[in-house]
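Colleague: Structure in structure tokens, see below.
The values are calculated or read from the model by the stated rules, or taken from the named source; none is laboratory data. A quick note: this is a predicted structure, and the numbers were derived from the prediction, not measured. Methodologically, a virtual Cβ is constructed for each residue, glycine included, from the backbone with ideal geometry; neighbour enumeration extends over all protein chains shown. SASA here: full protein model, heavy atoms, side chains in, ligands and nucleic acids out. Shrake-Rupley method; radii C 1.70, N 1.55, O 1.52, S 1.80 Å.
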Amino acid sequence: MSAQPRVHILFSHDEIKATVRRLAAEIKKDYQARDPLLIGILTGSFMFMADLIRLLDFPLEVEFVRLSSYGRGRQSSGKVRVVKGLTSSVKGRDVLIIEDIVDTGLTTSFLLDYLRKKKPASLKLCALTDKPSRRQTPVIIDYLGFTVPDKFLVGYGLDWDEKFRNLPDICYLEVEE
Ligand code: PRP
């Protein structure tokens, strides 16, 4: 029988809620009169995006792209693929990327470069979690929720082999041999 991972809570749903509230207040202060375009990176950001935008009571638009670098497993392949591109124009828009985690930084730096070429009026990044110990390419995070340790995280949108995205807390996995 293969080893089953043990799941430990890193940030409870209440801690996440407080952090999302703080991020929403920061974003509201900067964007409330600018009709921003929020671009989430699927799949991991869906839950964060849904909670965040419910706290943003001003006009905005939401769009998702799918950029997959991990496949089914825990190690990054190092390559970023566009699986689902944009449907809206970003030219002249105030664009804010919404991401669940910045790990190696390859996914977000790819998207930042990709969007910059489309000439938005401004381009910033909001990430719920940051794992700086794993960074391979520098990324500036303009709005950050949590800095996290080098553990494999699941829950609140984050997966392990597509599982655990539905957990309300952010957890880490411990695989017993
Ligand atoms: C995860 C996560 C980020 C990315 C971060 O996505 O949601 O988008 O990896 O990693 P990086 O900084 O090393 O590039 P993944 O490609 O696993 O797809 P998913 O969102 O569908 O789980």
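Colleague: Ile9: part of a helix (DSSP H, G or I) and either surrounded by 13 or more Cβ atoms within 10 Å (Cβ to Cβ) or in contact with a Gly (Cβ under 8 Å, 6 or more places away or on another chain) (or both), yes or no?
Modeller: no
Colleague: Looking at the range 17-31, is at least one residue more than 16 Å from the ligand (Cβ to nearest atom) and over 19 Å from Gly145 (Cα atoms)?
Modeller: No.
Colleague: In addition: What residue, of Ala3, Ala33, Ala24, is more than 18 Å from Leu153 (Cβ to Cβ) and part of a helix (DSSP H, G or I)?
Modeller: Just one listed residue meets the conditions, Ala24.
Colleague: Please verify whether the range 54-67 includes one or more residues that are modelled with pLDDT under 95 and either under 24 Å from Arg21 (Cβ atoms) or open to solvent by 50 Å² or more (accessible area, probe 1.4 Å) (or both).
Modeller: Yes, that holds for at least one residue.
Colleague: Hey, could you check the range 89-148 for residues that are among the polar types (S, T, N, Q) and open to solvent by 30 Å² or more (accessible area, probe 1.4 Å) and say which is nearest to Ile41 (Cα to Cα)?
Modeller: Residues of the range 89-148 that are among the polar types (S, T, N, Q), as a first pass: 89, 104, 107-109, 122, 129, 133, 136-137, 147.
Next, from what is left, pick out any that are open to solvent by 30 Å² or more (accessible area, probe 1.4 Å): 89, 133, 136-137, 147.
Working: Ser89: 16, Ser133: 21, Gln136: 19, Thr137: 18, Thr147: 19 Å.
Here the residue is Ser89.
Colleague: Filter the range 26-53 for residues that are open to solvent by 10 Å² or more (accessible area, probe 1.4 Å) and within 17 Å of Asp94 (Cα to Cα) and give the result.
Modeller: Hits for the range 26-53 are Glu26, Lys28, Lys29, Asp30, Gln32, Ala33, Arg34, Asp35, Ile53.
Colleague: Return the pair list, or none, for Cβ contacts closer than 7 Å from residues in the range 134-160 that are of a type in the set (Asp, Glu) to residues that are part of a strand (DSSP E or B), at least 6 apart or on different chains.
Modeller: That search, which allows pairs on different chains as well, returns Asp142/Lys124; Asp142/Leu125; Asp142/Cys126.
Colleague: Sort out which residues of the range 54-66 are touching a Gly at 6+ places or on another chain (Cβ under 9 Å) and aliphatic (A, V, I, L, M), and write them in order of number.
Modeller: Val62, Val65
Colleague: List the number of the failed condition for Ile141; all other conditions in (1) within 13 Å of the chain's Cα centre (by Cα); (2) not in a loop (DSSP other than H, G, I, E, B) hold.
Modeller: With (1) within 13 Å of the chain's Cα centre (by Cα); (2) not in a loop (DSSP other than H, G, I, E, B) applied to Ile141, the lone miss is (2).
Colleague: Which pairs have Cβ atoms under 9 Å, sit 6 or more apart or on different chains, and link a residue in the range 107-127 that is among the polar types (S, T, N, Q) and more than 16 Å from the ligand (Cβ to nearest atom) to one that is open to solvent by 10 Å² or more (accessible area, probe 1.4 Å) and not in a strand (DSSP E or B)?
Modeller: What qualifies is Ser122/Arg34; Ser122/Arg93.
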